[in-house]
Amino acid sequence: QVLTSTGAGSPPAFEDAGGEATYVQFPATQVASADANRLDDYEEGTATITSASNGGTLTVNTGSDTLAYIKIGRFVHVQARLTFSTASSPTGSLTLSGLPFAPEDVAEGGESSHFGSLTQNANSAFEGLEFYLWGASANLNGRHQGRTDDGSNCANFIDTGTTLYLAGTYYATD
């Protein structure tokens, strides 16, 4: 097969023996390969995100609790727009759960991936959040943006109506 392109704006395609364009296509169910250098998985989908704090109540609006993802091999890129419909005296840390695939512990028990976020309508004293994965935990842990603290009071700054725009990439176990 020969890889060709018809020009700007056209995806590259392979030509079959008859000169017809064919594209890379993955089966609906992954056919895993023992060859670590073979791309054998591609998937797009959504997952539902939930939130938790140490105290009080934080609820993500069911109209904006969906995370979109693209999985290529073992790399998973996620993005979401999450709006809190309830913030009743939340205290302590802020954790988001519901990643579509279990993360690999590539940092051997340390921070393995960082996720950027933009925060709107939060408490006026708030500086912004970033999220990270710790080891093989499937929870995204919040902390103050640009700081190295443990995020033990991030939930305190979330108000009803706060919106988080979240994006990041992590390495999955399979």
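Bear in mind that the values in this text are calculations on the coordinates, not laboratory data. The model shown is predicted, which means the values in this text are computed figures rather than measured ones. All Cβ positions, even for glycine, are placed from backbone atoms using ideal geometry, and neighbour counts span all protein chains on display.
Computed from phi, the 3J(HN,Hα) profile of segment 51-65 under the Karplus parametrisation 6.51, -1.76, 1.60 (θ = phi - 60°) reads 10, 8, 9, 6, x, x, 10, 10, 10, 7, 4, 5, x, 9, 10 Hz, with x in place of Gly and Pro. Here the Karplus relation 6.51 cos²θ - 1.76 cosθ + 1.60, evaluated at θ = phi - 60°, turns the backbone of segment 90-105 into coupling constants of x, 9, x, 6, 10, 10, 10, 10, x, 4, x, 9, 5, x, 7, 8 Hz, with x for every Gly and Pro. A cut-off under 15 angstrom between Cβ atoms defines the neighbours of Ala47, and their net charge, with Lys, Arg +1 and Asp, Glu -1, is -1. Ranked by the mean number of other Cβ atoms within 10 Å of their residues, highest first, the peptides 73-85, 31-43 come out as 73-85, 31-43. Computed extension gain for Asn37 through Trp134, at 0.36 nm per residue and net of the alpha carbon distance, reaches 32.3 nm.
Under a 5 Å amide H cut-off, with hydrogens placed 1.01 Å from N, Leu94 pairs with Gly142, Cys154, Ala155 among residues at least 5 apart or on other chains. Here the label points at Thr91 and Thr66, each 7 Å from Cα along the C-beta direction, are separated by 3.6 nm in the simple model. A Förster distance of 25 Å, applied to the separation of the beta-carbon atoms of Asn54 and Arg81, puts the FRET efficiency at 0.50.
Residues whose amide H lies under 5 Å from that of Leu99, counting only those 5 or more places away or on a different chain, are absent; hydrogens are built 1.01 Å from N in the peptide plane.
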